[in-house]
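Peer 1: What follows is a single structure, and I will ask about it in a moment.
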Amino acid sequence: MAYTVSTTVVETANPPAGADFPDSSIVATLSPRTRTYSVVANMPTMTFVAAVNTNIFPAGMTSLQHLYLRVSGGTITLKITTSLGAAQIIPVDDVLLHINSTTPITALTVSGTANVEMLACGI
């Protein structure tokens, strides 16, 4: 089975009056991307209450290429493993979007105290 996932991101920064910017606002747009994955894990809110490493790598997935996390009520430390190294640490207290097809995540753990929603896509 193939899952199609589409992502569109637009960020707008509005500088304060009198700021030294060439335009009145700055817009960064990630062109819409559509990719097909064989495994998709949509995990509803998970609650973490201690700074203990917890494996959240989806069962049945061998390489995670698209990861979306929404964190509320605290901060987590995300540790990922890729071909570039083990236990790469990323702090997250709001939103994380990670899309990478050439260096997929092969291990994923989280520690901290927060509520976490996750969408993970890969093969």
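The values are calculated or read from the model by the stated rules, or taken from the named source; none is laboratory data. What you are looking at is a predicted structure, and each value in this text was computed from that prediction instead of being measured. Neighbour counts run over all protein chains shown; Cβ positions are idealised from the backbone, glycine included.
Peer 1: Looking at region 55-72 only, could you name the residues that are over 9 Å from Met118 (Cβ atoms), part of a loop (DSSP other than H, G, I, E, B) and aliphatic (A, V, I, L, M)?
Peer 2: Residues satisfying the conditions are Ala59, Met61.
Peer 1: Being loosely packed, with under 10 Cβ neighbours inside 10 Å and modelled with pLDDT of 80 or more is the filter here; which residues of region 14-36 pass it?
Peer 2: Ala28, Thr34
Peer 1: Can I ask one more? Might you check whether a residue that is within 18 Å of the chain's Cα centre (by Cα), hydrophobic (A, V, I, L, M, F, W, C), within 24 Å of Asn115 (Cβ to Cβ) and in a strand (DSSP E or B) occurs anywhere in region 6-28?
Peer 2: Yes.
Peer 1: Could you list, in sequence order, all residues of region 88-115 that are β-branched (Val, Ile, Thr) and within 18 Å of Val9 (Cβ to Cβ)?
Peer 2: Ile90, Val92, Val95, Ile99, listed by residue number.
Results for (1) under 27 Å from Thr8 (Cβ atoms); (2) over 13 Å from the mean Cα position of the chain (by Cα); (3) surrounded by 13 or more Cβ atoms within 10 Å (Cβ to Cβ), shown as yes or no for each residue.
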position: Ser38; (1), (2), (3): yes, yes, yes
position: Val52; (1), (2), (3): no, yes, no
position: Pro58; (1), (2), (3): yes, yes, yes
position: His66; (1), (2), (3): yes, no, yes
position: Arg70; (1), (2), (3): yes, no, yes
position: Ile76; (1), (2), (3): yes, no, yes
position: Thr82; (1), (2), (3): yes, yes, yes
position: Ala86; (1), (2), (3): no, yes, no
position: Glu117; (1), (2), (3): yes, no, yes
